[in-house]
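Participant: Provided herewith is a single structure, encoded as structure tokens, for subsequent inquiry.
The values are calculated or read from the model by the stated rules, or taken from the named source; none is laboratory data. Note that the structure is a prediction, hence the values are computed from the model and not measured. Cβ: placed from backbone, ideal geometry, glycine included. Neighbour counts: every protein chain shown.
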Amino acid sequence: MDQQKLLETNLAGPCGFYCGTCSHYLARAKGLLKEKNLKHGCKGCRIQDKKCAWVKRDCTLLRKKQIEFCFECADFPCANLVKLDQRHVRDDNMSLINNLLRIKKVGAAQWLKEQEDQWRCPECGGNICVIDKKCYDCGYKIR
Ligand code: SF4
Ligand code: SF4
Ligand SMILES: [Zn+2]
């Protein structure tokens, strides 16, 4: 992936997670590392090259960057991805597999715009964290 594309798709994880709603990303972006008890936080999937998602840790294709998104894989959705997906559906009402199918359909740039809208705080226009279930700007709770 060239540098420009890497920057453009930084917040679109290969597993279908939107990094813009991650606590590690938001804590860093909003200067809340100390408050959240985090050392460094995260700059986003592609820039940080983090192996945060279990699927990446256990997947050679992803680790060696042979594909950009899991939907390109012959095994999609593999057992590991299904497991991670089920966890996010249960805990966060968010499906990585559905996200990946949407990225495949409309492209990463359009999907990222949709995600920005989806995770925008209805109270202040700030950023909702799906992990903490609240806005990192005003504290508005989504559950
Ligand atoms: S920790 Fe993982 S999900 Fe969070 S911003 Fe970094 S790469 Fe994305
Ligand atoms: S779907 Fe394919 S690329 Fe994605 S984690 Fe599973 S094996 Fe790896
Ligand atoms: Zn808010």
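Participant: Please verify whether region 87-110 includes one or more residues that are small (Gly, Ala, Ser), more than 17 Å from residue 15 (Cβ to Cβ) and within 16 Å of ligand 3 (Cβ to nearest atom).
Facilitator: Checking region 87-110: not a single residue is small (Gly, Ala, Ser), more than 17 Å from residue 15 (Cβ to Cβ) and within 16 Å of ligand 3 (Cβ to nearest atom).
Participant: Residues of region 107-116 being within 25 Å of residue 126 (Cβ to Cβ) and without any contact (Cβ under 8 Å) to a residue 60 or more places away in the chain, which ones? Break it down stepwise before answering.
Facilitator: First pass over region 107-116, keeping only residues within 25 Å of residue 126 (Cβ to Cβ): 108-116.
Of everything in region 107-116, those that are within 25 Å of residue 126 (Cβ to Cβ) and without any contact (Cβ under 8 Å) to a residue 60 or more places away in the chain turn out to be 110, 113, 114.
Participant: Hey, another quick one. Scan region 44-59 and give yes if some residue there is modelled with pLDDT of 95 or more, buried (at least 17 other Cβ atoms within 10 Å of the Cβ) and part of a helix (DSSP H, G or I), otherwise no.
Facilitator: No; the residues of region 44-59 include none that is modelled with pLDDT of 95 or more, buried (at least 17 other Cβ atoms within 10 Å of the Cβ) and part of a helix (DSSP H, G or I).
Participant: To continue, here is another question. What are the residue pairs meeting all of these: first residue in region 75-104, first residue within 18 Å of residue 131 (Cα to Cα), second residue in a loop (DSSP other than H, G, I, E, B) and aliphatic (A, V, I, L, M), Cβ atoms under 8 Å, and 6 or more apart or on different chains?
Facilitator: So the pair list comes out as 84/53; 88/94; 92/130; 92/131; 94/130.
Participant: Being in contact with a helix residue (DSSP H, G or I) (Cβ under 9 Å, 6 or more places away or on another chain) and of a type in the set (D, E, K, R) is the filter here, so list the residues in region 38-59 that pass it.
Facilitator: Initially, region 38-59 is screened for residues in contact with a helix residue (DSSP H, G or I) (Cβ under 9 Å, 6 or more places away or on another chain), giving 38, 40-48, 50-59.
Result: 43, 46, 50, 51, 56, 57, 58.
Participant: Within region 88-104, is even one residue within 24 Å of residue 31 (Cβ to Cβ) and of a type outside the set (Phe, Trp, Tyr)? Break it down stepwise before answering.
Facilitator: Going residue by residue through region 88-104, those that are within 24 Å of residue 31 (Cβ to Cβ) are none.
No, because not a single residue in region 88-104 is within 24 Å of residue 31 (Cβ to Cβ) and of a type outside the set (Phe, Trp, Tyr).
Participant: Within the set of pairs 6 or more residues apart or between chains, which connect a residue that is over 14 Å from residue 93 (Cβ atoms) inside region 118-138 to a residue that is within 8 Å of ligand 3 (Cβ to nearest atom) and of a type in the set (D, E, K, R) with Cβ atoms less than 8 Å apart?
Facilitator: Once the first residue is over 14 Å from residue 93 (Cβ atoms) and sits in region 118-138, its partners that are within 8 Å of ligand 3 (Cβ to nearest atom) and of a type in the set (D, E, K, R) give 121/137; 124/137; 125/137; 126/137; 127/137; 135/123; 138/123.
Participant: In the set 111, 119, which member is over 20 Å from residue 27 (Cβ atoms) and touching a strand residue (DSSP E or B) at 6+ places or on another chain (Cβ under 9 Å)?
Facilitator: Exactly one of 111, 119 is over 20 Å from residue 27 (Cβ atoms) and touching a strand residue (DSSP E or B) at 6+ places or on another chain (Cβ under 9 Å), namely 111.
Participant: Here is a follow-up. Can you give me the number of residues within region 1-37 that are more than 11 Å from ligand 1 (Cβ to nearest atom), in contact with a helix residue (DSSP H, G or I) (Cβ under 8 Å, 6 or more places away or on another chain), assigned to a loop (DSSP other than H, G, I, E, B) and touching a residue at least 40 places away in the same chain (Cβ under 8 Å)?
Facilitator: Filtering region 1-37 for residues more than 11 Å from ligand 1 (Cβ to nearest atom) gives 1-9, 30-37.
Keeping just the survivors that are in contact with a helix residue (DSSP H, G or I) (Cβ under 8 Å, 6 or more places away or on another chain) gives 1, 6-9, 32-33, 35-36.
Subset that is assigned to a loop (DSSP other than H, G, I, E, B): 1, 9, 32-33, 35-36.
Checking the rest, the ones that are also touching a residue at least 40 places away in the same chain (Cβ under 8 Å) come to 1, 9, 32.
Residues that pass the stated criteria total 3.
Participant: Right, here's the next one. Inside region 105-135, can you point out the residues that are in a helix (DSSP H, G or I) and of a type in the set (S, T, N, Q)? Give the steps one after another, and end with the answer.
Facilitator: At the first step, the residues of region 105-135 found to be in a helix (DSSP H, G or I) are 105-106, 108-118.
Those that are in a helix (DSSP H, G or I) and of a type in the set (S, T, N, Q): 110, 115, 118.
Residue-by-condition table, conditions (1) surrounded by 13 or more Cβ atoms within 10 Å (Cβ to Cβ); (2) of a type in the set (S, T, N, Q); (3) within 16 Å of the chain's Cα centre (by Cα); (4) outside any loop (DSSP other than H, G, I, E, B):
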position	(1), (2), (3), (4)
75	no, no, no, no
81	yes, no, yes, yes
103	yes, no, yes, yes
137	yes, no, no, no
